[in-house]
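Report on one structure; see the data block that follows.
The values are calculated or read from the model by the stated rules, or taken from the named source; none is laboratory data. Remember, predicted model here, so these are calculated numbers, not experimental data. Because the Cβ atoms are built from the backbone with ideal geometry, glycine has one as well, and the counts that use them run over all protein chains shown.
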Amino acid sequence: MSKIRGIVNSTDSNIRIHNEATVAAKEAAKAYMDKHGEPMYCGFAWVNIQPATSKFCRALKAHGIVDHVSYYRGYDVWAPCNTPTQSMDVKECGAEAYAKVLGTYGIRATMMSRAD
């Protein structure tokens, strides 16, 4: 098992979903930056996934993608686009794309963010 820039090598179908969502997050963040540049409003964005007892969350925990239960319950995947920026807009765009992919698989996921 190796983890490179958010992508995890595994035959687990839940990890394949995570990888698909990570790719979508990276592509969305790149497209946003290509179109708008890097807005200087600093902040954080993540995706909250519930419930923590779901097969998807257990797979993320088993592969070291998440490590503790979120303040909001479930698990948080921080900055799924893994883009080297402080721009909250870019991170939100990536997190929204990640959550959207999970939603297509029936996984309850919510994009969350806060200013720095």
Query raised in the report: Before we move on, is G64 at pLDDT below 95 and either among the aromatic types (F, W, Y) or more than 17 Å from A99 (Cα to Cα) (or both)?
Result: yes
Report task. Would you check which residues across the stretch 38-92 are in contact (Cβ under 8 Å) with a residue 60 or more places away in the chain, over 17 Å from T22 (Cβ atoms) and exposed (fewer than 14 other Cβ atoms within 10 Å of the Cβ) and list them? Result -> Y41, C42
Report task. Name every residue in the stretch 64-86 that is of a type in the set (S, T, N, Q) and touching a strand residue (DSSP E or B) at 6+ places or on another chain (Cβ under 7 Å), in order of residue number. Result -> S70, Q86
Query raised in the report: Within the stretch 98-116, which residues are in contact with a strand residue (DSSP E or B) (Cβ under 9 Å, 6 or more places away or on another chain) and within 13 Å of A21 (Cβ to Cβ)?
Result: Y98, A99, K100, V101, L102, G103, I107, A109, M111
Query raised in the report: Out of A109, A29, which single residue is touching a Ser or Thr at 6+ places or on another chain (Cβ under 6 Å), among the aliphatic types (A, V, I, L, M) and at pLDDT 95 or above?
Result: A29
